[in-house]
1. Looking at the range A:360-376, I want the residues that are assigned by TED's automatic domain parsing to the domain that holds A:LYS386 and have a partner that is among the polar types (S, T, N, Q) with Cβ atoms under 7 Å, at least 6 apart or on another chain. Which pairs are those?
2. With respect to B:ARG68, determine if the residue is in the same structural domain as B:ALA115 (by TED's automatic domain parsing), without any contact (Cβ under 8 Å) to a residue 12 or more places away in the chain and not β-branched (Val, Ile, Thr).
3. Which of the residues belonging to the range A:669-706 are assigned to a loop (DSSP other than H, G, I, E, B) and either within 31 Å of the chain's Cα centre (by Cα) or outside the structural domain of A:GLY599 (by TED's automatic domain parsing) (or both)?
4. Can you go through A:GLY575, A:GLY599, A:GLY566 and tell me which one is closer than 17 Å to A:VAL669 by Cα and either assigned by TED's automatic domain parsing to the domain that holds A:LYS442 or not polar (S, T, N, Q) (or both)?
5. Checking the condition among the basic types (Lys, Arg) and in the same structural domain as A:GLN484 (by TED's automatic domain parsing), which residue from A:ARG390, A:ARG416 passes?
6. Against the conditions (1) in contact (Cβ under 8 Å) with a residue 24 or more places away in the chain; (2) not assigned by TED's automatic domain parsing to the domain that holds A:GLU446, where does A:GLU620 fall short? Just the number, please.
7. Got a sec? Which of A:GLU620, A:GLU576, A:GLU600, A:GLU625 is within 39 Å of the chain's Cα centre (by Cα) and surrounded by fewer than 17 Cβ atoms within 10 Å (Cβ to Cβ)?
Amino acid sequence: MAARRSKAKSAAKKPAQDSSKSKAYGEFISEAEEILERLRQDLADLADQRTSANEVEPDLVNRIFRSAHSLKGLAGMFGLEGIGDLAHHMEDVLDGLRLGRISMEAPAVDLLDSAVDLFTASLADLDNPELQEQQAGHIAEMIQRIDSAVEPPAERPDELAGLPIDPALLRALTEYEEHRLRENVRRNRHVALVDSTFEIIAFEEGLSELSTAIREVGEVVSTLPSPGDAPESQIRFSLLVATEISTEQLMSRLDLCSANVRELRRASTAAELTPPAAPAPASSSGTESSVQPSAEAPEIPGTTVATPAALDAPVQRPELRSESPDIESLRSISETVRVDIRKLDELMNLVGELVIQRNAIANVASRLMSDSGTARMGAELSKTHKLLDRKLKELQAGVLDVRMVPMRQIFEKLSRVVRRLRRDHEKEVELEFKGADTELDKLIVEQLVDPLMHVVRNAFDHAIESASDRVAAGKPSEATILIQAFQRGNHVVIEVRDDGCGIDPHAVRASAEARGLVDPEDMLSHKETLDLIFSPGLSTREEVNGTSGRGVGMDVVRSNLAALGGMVDVTSSVGEGSAVTLTVPITLAIIQALIVGVGEHRFAIPLNSVLETLLVENSEIQHSEGREILNLRGDALLLVRLADEFDLDAQSDGSKQYVVVLGMGEQRVGLLVDRLQGQQDTVIKPIKGPVRQIPGIAGATELGDQGAVLVVDVSHIVSESSRRREAA
Amino acid sequence: MSGAEAPPSTVGWENLARGAANLGVDDEEDVELRRELLSFRLGESPYAIPVERVREIVRMREITIVPRMPSWVLGVVALRGEVVQVVDLRMRLGLAPCEPSRRSRIIVLHGDDEAVTAILVDAVEAVLRIPEDSVSPASGSELGAVTELCEHGGEFVSLIDVDRVLEFCAGRS
């Protein structure tokens with residue numbers, strides 16, 4: 001279990017000084033956060049299943065139960081009584097749910113969401129005793145609410161009456177198993193007893209094979225060792241199963257498993273309302289007629305299910321299945337390792353250094369090869385270099401892969417926020433997600449959460465009209481916010497699209513003029529007007545009126561995205577809705593860079609922003625409003641001279657220039673450089689020193705023995721040039 | 001000191017006691033009175049910085065020029081996986097610039113908060129242990145970066161307040 005691991009760790013650094021305490025809390029928090037993350041997703045699924053399917057997967061309830069259980073254990077380990085208590089009560093509710101003691105419709109279930117929120121909030125305040133006190137009050141209140149909201153399920157007829165199950169077997173079922181059996185009967189499924197005999201030495205494997213086969217078509221309600229005339233070296237199990245398929249079909253499926261299937265209940269057809277209360281139907285076709293527990297020792301129910309080989313305790317059923325919460329959670333945690341992202345960064349850095357060394361080797365190899373005296377040695381070295389290169393690429397891909405997390409993580413957070421917003425604002429909004437499996441660097445995901453949250457909140461707060469307004473406008477009363485992520489080359493694009501009121505360009509314009517951001521004389525295109533919402537001046541709510549207010553802090557979104565080397569774009573049409581598109585690179589760890597030369601200087605341009613490179617004649621460059629443009633297949637491409645951008649001396653030799661076409665979001669800019677000097681894998685490093693920010697420079701990279709090369713901040717150049725275009 | 005006054009019973013004790021006494025002196029006087037400084041030259045003039053701020057000293061290497069930087073930042077160098085700005089200390093202090101020579105060195109400094117900066121100096125000289133009483137406040141220096149002077153080997157060494165230099169730099173960015 002999660003808590004166990006922490007225990008070992010905290011025991012290792014026993015001297016409980018304050019510093020180690022806060023460190024231990026850190027461990028607790030990260031561990032708890034992991035569990036909470038899981039909890040949230042599962043609760044969201046639960047909510048879905050409750051509304052859409054009307055039946056909740058038992059495994060899901062169990063999983064949620066286990067999460068609460070782990071939280072409780074974890075909190076206990078760290079002596080955090082308040083939140084431990086809360087987890088305990090959540091666990092109670094969930095235990096009631098899985099045992100059918102509490103109805104799925106109970107209001108207590110709705111409280112679980114809030115309990116998780118409260119949990120998250122308490123985590124944040126762990127080291128603040130004052131806030132802790134406050135939280136303790138909230139927790140006590142929440143516990144009370146949970147307790148009073150627990151509701152027993154409605155009385156129901158006894159489903160098990162008339163089921164030809166041996167009473168001894170029934171008695172051997174745990175409360176949970178009995179509940180599952182009832183539930184399955186209620187759902188009108190086939191119930192059967194599957195007997196199978198295994199060699200003792202290999203029974204675990206055989207049993208799990210059998211269980212897996214059954215789970216494909218139904219549920220294993222219980223696994224019981226059964227007595228019988230099996231030889232000493234064998235052990236016999238009875239599996240109580242519930243399936244959608246008939247017993248005959250089940251038998252044919254289990255053919256390979258050499259199991260005996262005995263039908264206990266046949267699902268009634270639509271015509272029959274009650275299950276036939278017939279005695280045990282004809283037993284299975286198996287040759288080895290299974291000895292029923294009742295025949296053997298009905299008078300001592302406790303021992304009936306014990307096999308000769310079943311060890312010491314009477315009703316000691318082997319816990320082979322994943323039923324026991326502790327066993328399961330122990331297993332699931334041990335399969336994943338939580339790693340501090342900084343450690344991955346270090347690893348990535350090391351890989352980066354290796355890449356640089358590899359580049360250096362390539363250099364040596366080509367120098368050796370160019371000399372006839374050492375050409376053979378050079379060729380050998382070059383071959384070794386190629387092998388090294390291949391392995392290094394695998395290593396690099398492996399480390400990169402570890403950093404990748406699916407967008408689902410963010411989506412869950414968003415859906416929680418929207419659920420809460422919906423509760424508070426009574427707007428009818430459906431949140432739709434697409435591309436949850438799209439993967440992104442963990443570090444970028446972290447940086448993306450806030451901007452994305454901001455955009456979604458904006459859509460909810462300002463773009464979505466009230467239900468009545470929507471109906472009046474001829475739209476469905478329920479609004480939709482669609483969030484979709486997809487990969488485009490080396491970038492991931494996340495689009496937030498709503499069918500709200502759209503952004504009114506006139507209102508934006510008026511507000512911008514009022515702020516002095518735009519001259520009333522200026523002619524702006526529709527797009528340029530919309531882009532004004534990203535200006536810092538338009539960043540508070542009252543400045544753009546309520547119906548069009550998309551301006552809330554969008555400048556922050558833009559700058560956050562720019563810091564990631566990404567971009568944000570907006571399109572909108574009044575009355576129909578808006579779409580905000582965030583574009584970010586997949587990873588910042590190792591990137592392919594195009595090395596370009598200007599005069600005697602070299603720069604690296606992240607290749608993920610390079611669309612293409614062109615060699616153009618000077619005569620092809622046209623001028624428009626003081627800017628240089630290029631006709632690129634019919635479109636006007638704005639040109640920027642890197643030399644001018646950085647006040648460098650260019651030495652374009654004559655009539656030709658290289659154009660590096662940069663793409664960021666929807667924008668395109670052509671960068672004029674003197675030379676192209678090939679591609680390199682690079683690790684972008686921050687530039688340390690007294691000057692903290694260098695406009696236009698994203699960092700630097702090492703190129704083998706050739707010292708540092710500056711990395712161009714493409715998003716800066718692109719947005720700068722478009723700003724200048726607006727100004728022009 | 002009490003240790004020194006106690007009658008020594010053995011040679012070992014005597015040494016221990018003397019050691020303790022010296023430690024006491026260190027605590028009260030010597031540490032305060034002596035500073036460890038790294039001295040270097042800008043042109044003919046000697047300068048010094050506290051040794052504990054020095055991370056490493058490296059030979060002159062290729063400096064990559066960075067656009068849009070203040071003139072006193074020469075550019076950046078790659079140092080074992082790090083890329084660090086190099087401040088031309090001459091220009092920083094308002095002295096005439098000078099071409100780097102074979103004796104030129106880059107001193108890599110670190111601050112309290114992982115901040116790293118490199119300064120280019122004309123030559124590195126020695127580590128000095130300067131008694132406090134030979135340090136005197138300097139007045140009217142360039143930028144206020146030279147806050148104190150000390151006498152060593154018959155000449156005045158300018159002590160540079162590293163934080164003042166770096167802080168000022170950061171402020172200008």
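1. What qualifies is A:ALA365/A:SER382; A:LEU368/A:THR374; A:MET369/A:SER382.
2. yes
3. Correct list: A:VAL683, A:ILE684, A:PRO686.
4. A:GLY566
5. Result of the check over A:ARG390, A:ARG416: A:ARG416.
6. Result: A:GLU620 fails condition (1) only.
7. A:GLU576
Residue by residue, here is whether (1) closer than 25 Å to A:VAL673 by Cβ; (2) small (Gly, Ala, Ser); (3) more than 14 Å from chain B (Cβ to nearest Cβ) holds:
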{"residue": "A:ALA562", "(1), (2), (3)": "yes, yes, yes"}
{"residue": "A:VAL570", "(1), (2), (3)": "no, no, yes"}
{"residue": "A:SER578", "(1), (2), (3)": "no, yes, yes"}
{"residue": "A:PRO585", "(1), (2), (3)": "yes, no, yes"}
{"residue": "A:GLY599", "(1), (2), (3)": "yes, yes, no"}
{"residue": "A:ILE605", "(1), (2), (3)": "yes, no, yes"}
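The values are calculated or read from the model by the stated rules, or taken from the named source; none is laboratory data. Just so it is clear, the structure is predicted and the values come from calculations on it, not from any experiment. When we count neighbours, we look across all protein chains shown, and the Cβ atoms used for this are built from the backbone with ideal geometry, even at glycine.
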